[in-house]
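Values in this text are rule-based calculations from the coordinates and carry no lab data. Since this is a predicted model, take the numbers as computed values, not measurements. Here Cβ is always computed from backbone atoms with ideal geometry, including for glycine, and neighbour counts include all displayed protein chains.
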Amino acid sequence: MNFDTITNELLDSSMPAIRYKVRVHVLGEDPASQAISKLQAEVKQSPLVGALLQGVDATGRIAQPKSLYAKWQGAHWVLPILADIGYPPGDASLATIRDQLQENWLAENFYSEFEAASKAAAYRGRGVPVMEGRHRRCASQQSNTLWSILRLQLTNKQTHDFVERLLHWQWPDGG
């Protein structure tokens, strides 16, 4: 199979998210075009999005007992997937999920630090461990949420707090 054959097969997909990704990320179509906006409306109405949002309760939050981090079903995964598959930006109905993530990933323990002499000691403390002057925090949770908020145009007054935490934890070499 050559590139054109594969591309055409993907463009014929019944899944609008696949067509969106090919048209925008492979063929370079303008994401702000009317045609892509129409395709994003299809993404929003797709069975995939329906499945992703099936756990949303009447308040707009991802309902319990699913944890925020439950693989592929918790808010930590749902918002970035929506951002990645071409869900239309600016949908205020997602603000509650954003708020749920902000409450969690910007909680007080992410502002609390403690010195840890070993990896084992790092897991025993509450807050962000600091070892040899470097924060030991997997910041993918905060950065994933930040990216999703920006991509979905859901910024609010707390958006800068993700940036502040990421910069605060950054190592001198950029890591």
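Looking only at the range 125-160, how many residues end up being farther than 19 Å from Glu108 by Cβ, of a type in the set (D, E, K, R) and buried (at least 17 other Cβ atoms within 10 Å of the Cβ)? Of the residues in that region, 0 qualify. Is it fair to say Leu48 is surrounded by 14 or more Cβ atoms within 10 Å (Cβ to Cβ), at negative phi and assigned to a helix (DSSP H, G or I)? Yes. With respect to Gln102, is the statement that it is among the polar types (S, T, N, Q) and farther than 17 Å from Gln54 by Cα true? Yes. I'm told Val24 meets every condition in (1) touching a residue at least 60 places away in the same chain (Cβ under 8 Å); (2) not in a helix (DSSP H, G or I) except one. Can you identify the failing condition by its number? It fails just one condition, (2).
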